[in-house]
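Shown next, in structure tokens, is the structure this report addresses.
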Amino acid sequence: MDNKNKFGALQFIKNIVSNGGLFVINTVISFWFTPYLLRSLGSEHFGFIPLVNSVVNYFGIITLSLNASTGRYLMIELEREDDEKSNQIFNTSLVGILAMILVAIPVGALLVYYASDIFQVPVDSKRDIQFLLIGSLFAFFLTTLRSGFSIASFSQNRFDLRNMLSFMGRLGQVGIVLLLFTIDQPNLIYVGTGIIVVSLISLMGDLYLWKKLLPVLKIKLGMFNKDLFKDMLGTNFWMLINRIGFLIFMNIEMIVANRYFSLSMAGMYGALLTIPNNLRTIANTVSGVWGPLIISKYGRDDISGIDRVAKTSIKLVGLAIALPIGFVSGVSGEFLGFWIGTEDIALKWVAVVMAFNILINTVTLPLTAIFRAMNKVKIPAVITGLTGIVYFIVSILLAKQFGEIGLAAAGGIVLSFRNIFFVSIYSAFLMKKKWWHYLVNLIQSPIITIIVALISYCLMQIVEVQNFLELLVVGGVISIIYGICAYKFGLSQNEKDTILGIVKQKTRRIYDKKNEK
């Protein structure tokens with residue numbers, strides 16, 4: 001695919017639409033699947049699903065940072081059409097990934113063996129939890145291997161195809177769990193089986209896309225280049241520090257909950273994490289499509305283009321997440337009652353705090369692509385690593401002092417300081433702008449979110465809602481009104497013209513294709 005089509009308006013629309021479609025599907029599945037598992041397994045056993053997922057994610061510290069480093073190097077060489085250097089990068093990365101898998105296997109074996117000593121585990125469920133760990137670790141190894149090939153869809157900006165793989169994998173995971181739960185008594189072993197299925201489907205899909213999108217890349221492990229690997233490790237070291245901090249504050253909650261809460265409360269807390277996870281996905285849906293474009297523009301030395309993309313993406317991410325965060329916060333009591341059948345006031349406020357944590361902590365996501373594009377990852381890595389350590393300490397202190405709401409608040413307090421006062425200011429510094437250049441763009445979303453939350457809350461005091469469907473109808477009405485207002489008052493005239501131009505261009509292409517037939 002040539003560069004014009006790769007980053008053209010039509011492909012941009014495909015990515016946005018597919019990201020939106022995948023988000024809707026995943027949201028529907030997760031909000032249905034979570035209470036299903038909660039009822040089938042019980043809150044004590046359910047809590048081990050997000051816990052094990054959090055623990056296994058720490059194995060990705062090195063592999064994910066290597067993949068990010070590979071992505072930057074490979075995209076730049078592909079833009080330059082240097083096939084020889086691209087293959088060296090690809091195979092050097094692949095050798096590194098295989099080595100990391102070999103290192104991770106004995107560490108994973110120790111984790112499985114000592115699981116009952118590390119975590120609070122019901123005596124009669126040790127075997128089930130060990131198998132869940134085995135399934136999750138095996139899936140991790142497959143995902144690690146997959147990362148070497150998934151760079152094809154990323155570098156070619158084919159998020160639509162990546163999303164199709166994600167949908168197929170998610171469908172396979174849910175399908176196999178439902179089948180096994182129907183045949184036999186529900187248990188964590190079958191959940192582990194579902195996790196393996198989704199990884200196998202995703203790996204096969206990425207192998208296919210690699211062959212289709214980047215046939216120029218061949219598996220030739222002999223092309224491993226020591227000097228290139230050292231260069232990648234130079235970037236990778238600081239990305240490693242960055243990933244350590246990032247993974248700490250992304251996965252620490254369930255570990256702390258398991259140690260300081262009852263297993264039942266830890267399970268309920270894990271269920272509530274479905275809310276911020278899906279809200280975070282909305283932000284990733286909007287912000288994720290801009291990362292390759294920023295890196296591509298840097299490869300062409302288009303600095304002013306990077307700035308335009310960054311500011312536009314901040315605004316769109318803010319507008320996108322203000323609605324769901326505000327609505328969930330305003331109707332949290334009714335939402336939790338219909339969703340997981342709880343009327344616990346404390347959990348209602350935990351849900352609100354979790355939702356608001358996502359606000360500032362995702363609006364700044366597009367700016368992190370600037371760090372990677374310019375290879376300025378040292379200072380962000382140090383700050384993120386320190387943030388992770390501080391978050392770990394604050395999480396324990398607040399969880400012990402204030403319980404579940406203290407644990408939920410820890411993320412909002414620590415991460416907001418990092419993203420507001422470092423990410424935005426350092427990005428402006430790299431772009432040679434005033435220190436407040438991006439900071440002013442962050443003000444809009446909190447204001448809009450609070451307005452949506454107040455309107456939603458007041459509406460729930462007026463309208464009597466009897467079930468989840470009626471709540472969704474109320475949300476739909478608010479969404480339509482919000483969409484109109486966001487377009488009319490939230491976007492500049494240039495942004496409106498750009499959106500209309502893209503829509504018209506897509507419509508014209510569809511019309512031309514029909515006429516050709």
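The values are calculated or read from the model by the stated rules, or taken from the named source; none is laboratory data. None of these values were measured; they are calculated from a predicted model. Neighbour counts are summed over all protein chains in view; Cβ atoms, including those assigned to glycine, are modelled from backbone coordinates with ideal geometry. Heavy atoms of the whole protein, side chains included, go into the accessibility calculation; ligands, DNA and RNA do not. Shrake-Rupley method; radii C 1.70, N 1.55, O 1.52, S 1.80 Å.
Within the option set A428, A399, A408, A453, being surrounded by fewer than 21 Cβ atoms within 10 Å (Cβ to Cβ) and among the small types (G, A, S) holds for one residue only, A428.
Just checking: which of the helices (runs of 4 or more DSSP H) contained wholly in the stretch 257-338 hold 3 or more residues that are touching a Phe, Trp or Tyr at 6+ places or on another chain (Cβ under 9 Å) and small (G, A, S)? Fully inside the stretch 257-338 and qualifying: 263-272, 303-330.
In the stretch 79-102, of all residues being aliphatic (A, V, I, L, M) and free of Cβ contacts under 8 Å to residues at least 40 places away in the same chain, the one that is most open to solvent (accessible area, probe 1.4 Å) corresponds to L102.
Listed by position, the helices (runs of 4 or more DSSP H) contained in the stretch 356-441 that have at least 3 residues being small (G, A, S) and touching a residue at least 24 places away in the same chain (Cβ under 8 Å) are 378-402, 404-418.
Condition first: aromatic (F, W, Y), in contact (Cβ under 8 Å) with a residue 12 or more places away in the chain and closer than 23 Å to D302 by Cα. Can you find one or more residues in the stretch 462-476 that meet it? Lay out the reasoning, then the answer.
Looking only at the stretch 462-476, we keep the residues that are aromatic (F, W, Y), and these are 468.
Cutting the leftovers down to in contact (Cβ under 8 Å) with a residue 12 or more places away in the chain gives us 468.
Within this subset, residues satisfying the condition of being closer than 23 Å to D302 by Cα are none.
No - not one qualifying residue is present in the stretch 462-476.
Within the option set I176, I189, being of a type in the set (A, V, I, L, M, F, W, C), in contact (Cβ under 8 Å) with a residue 40 or more places away in the chain and closer than 27 Å to V28 by Cβ holds for one residue only, I189.
Matching residues to (1) surrounded by fewer than 20 Cβ atoms within 10 Å (Cβ to Cβ); (2) more than 30 Å from G42 (Cα to Cα):
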| site | (1), (2) |
| --- | --- |
| K311 | yes, yes |
| I321 | no, yes |
| L347 | no, no |
| V350 | no, no |
| P366 | no, yes |
| M374 | yes, yes |
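Within the stretch 258-274, residues that are open to solvent by less than 20 Å² (accessible area, probe 1.4 Å) have Cβ atoms under 6 Å from residues that are in a loop (DSSP other than H, G, I, E, B) in these pairs: N258/F119; N258/Q120; A266/G47; G267/G47; G270/G47; A271/I340, counting only partners at least 6 apart in sequence or on another chain.
Restricted to the stretch 202-221, and to residues that are more than 26 Å from F138 (Cβ to Cβ) and open to solvent by 80 Å² or more (accessible area, probe 1.4 Å), which residue is nearest to the chain's Cα centre (by Cα)? So the residue we want is K212. Here F489 clears all of (1) in contact (Cβ under 8 Å) with a residue 24 or more places away in the chain; (2) farther than 28 Å from L273 by Cα; (3) among the hydrophobic types (A, V, I, L, M, F, W, C) except the condition numbered (1).
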